[in-house]
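The values are calculated or read from the model by the stated rules, or taken from the named source; none is laboratory data. Just so it is clear, the model here is predicted, and its values are computed rather than measured. Backbone-built Cβ (ideal geometry, glycine too); neighbour counts: all protein chains shown.
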Amino acid sequence: MAERDKDDQSADSGRLGADELALFREAIGEVRRIHADPLPERPRPAAEPRQRLADDREVLASLDHSGAAVEGAEGGDVLSYLAPGYRRRWLRRLIRGQFVIADQIDLHHLDQVRASKLLGEFLRQSRAHDRLCVRVIHGKGGARGSVLKAMVERELLRRIEVIAFHSAAPNQGGTGAVDVLLRGQR
């Protein structure tokens, strides 16, 4: 029977009787709901252009390794490109010399790193001053081909502002220079 009393006590220990509940309420006093102010919002972190930063790091890494002996494009190879979404007439007009060459840069005798930096700055400045058809002189190269010509082609293909490019006319530098058509700034 003592065992039964223990079971009854353990079952009742989870519940309060009416007397105990009244005693508890008297000890606590009046209870009212507290309406807390909403937590202040944390300021959002500044947007971080992760992909652009990763692309910039990749370009810098490729420039760091560009000092190694690299085979270039053949001196007589014609460079030609038209960005997707543009009509072929833009490239035909560039080939025929129907655009006025507004500016030019000569990259002869420069190393790839320096030439790449100068080319990027030249293209930015040309667009900023609405010089949208420019000539880049890279030379025809030597026994290994034109390393600068290959670098210029790579750089022009990477740039979104380039609509088209084509090797210059034979009397304007031929395959040792390239005429570039740029998008205007909006």
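For segment 145-160, what are the residues that are in contact with a His (Cβ under 7 Å, 6 or more places away or on another chain) and aliphatic (A, V, I, L, M)? Spell out how you get there, then give the answer.
Just the residues of segment 145-160 that are in contact with a His (Cβ under 7 Å, 6 or more places away or on another chain), to begin with: 146, 148-149, 152.
If the condition is that a residue be in contact with a His (Cβ under 7 Å, 6 or more places away or on another chain) and aliphatic (A, V, I, L, M), then 148, 152 are the ones that fit.
I need a count of the residues in segment 138-164 that are buried (at least 18 other Cβ atoms within 10 Å of the Cβ) and closer than 22 Å to residue 109 by Cβ.
Residues that pass the stated criteria total 15.
When residue 185 is evaluated against the numbered criteria (1) surrounded by fewer than 19 Cβ atoms within 10 Å (Cβ to Cβ); (2) closer than 16 Å to residue 90 by Cβ; (3) not hydrophobic (A, V, I, L, M, F, W, C), which criterion, by number, is the only one it fails?
In the conditions (1) surrounded by fewer than 19 Cβ atoms within 10 Å (Cβ to Cβ); (2) closer than 16 Å to residue 90 by Cβ; (3) not hydrophobic (A, V, I, L, M, F, W, C), residue 185 misses (2) alone.
Just to be sure I understand, how many residues within segment 106-149 are touching a helix residue (DSSP H, G or I) at 6+ places or on another chain (Cβ under 9 Å) and in a helix (DSSP H, G or I)?
Residues flagged as touching a helix residue (DSSP H, G or I) at 6+ places or on another chain (Cβ under 9 Å) and in a helix (DSSP H, G or I) within segment 106-149 amount to 11.
Considering 163, 101, which residue is of a type in the set (A, V, I, L, M, F, W, C), out of contact with any His (no Cβ under 9 Å at 6 or more places or on another chain), touching a residue at least 24 places away in the same chain (Cβ under 8 Å) and outside any loop (DSSP other than H, G, I, E, B)? Write out each step before concluding.
Values: 101 fails: outside any loop (DSSP other than H, G, I, E, B).
Residue meeting the stated conditions: 163.
Restrict the check to segment 111-119 and report whether at least one residue is out of contact with any strand residue (DSSP E or B) (no Cβ under 8 Å at 6 or more places or on another chain) and either among the small types (Gly, Ala, Ser) or at pLDDT below 80 (or both).
Initially, segment 111-119 is screened for residues out of contact with any strand residue (DSSP E or B) (no Cβ under 8 Å at 6 or more places or on another chain), giving 111-117.
This time we only want the ones that are either among the small types (Gly, Ala, Ser) or at pLDDT below 80 (or both), so: 115-116.
Yes, segment 111-119 contains a residue that is out of contact with any strand residue (DSSP E or B) (no Cβ under 8 Å at 6 or more places or on another chain) and either among the small types (Gly, Ala, Ser) or at pLDDT below 80 (or both).
Out of everything in segment 88-98 that is in a helix (DSSP H, G or I) and not basic (Lys, Arg), what residue ends up being farthest from residue 141 (Cα to Cα)?
Taking segment 88-98 as the starting set, the residues that turn out to be in a helix (DSSP H, G or I) are 88-95.
Next, only the ones that are not basic (Lys, Arg) stay: 90-91, 94-95.
Numbers: 90: 28, 91: 25, 94: 24, 95: 22 Å.
Within segment 88-98, the match that is farthest from residue 141 (Cα to Cα) is 90.
Whether any residue in segment 170-177 is under 21 Å from residue 52 (Cα atoms) and surrounded by fewer than 19 Cβ atoms within 10 Å (Cβ to Cβ) is what I want to check. Talk me through it step by step, then tell me what you get.
Filtering segment 170-177 down to residues under 21 Å from residue 52 (Cα atoms) leaves none.
The answer is no, given that none of the residues of segment 170-177 is under 21 Å from residue 52 (Cα atoms) and surrounded by fewer than 19 Cβ atoms within 10 Å (Cβ to Cβ).
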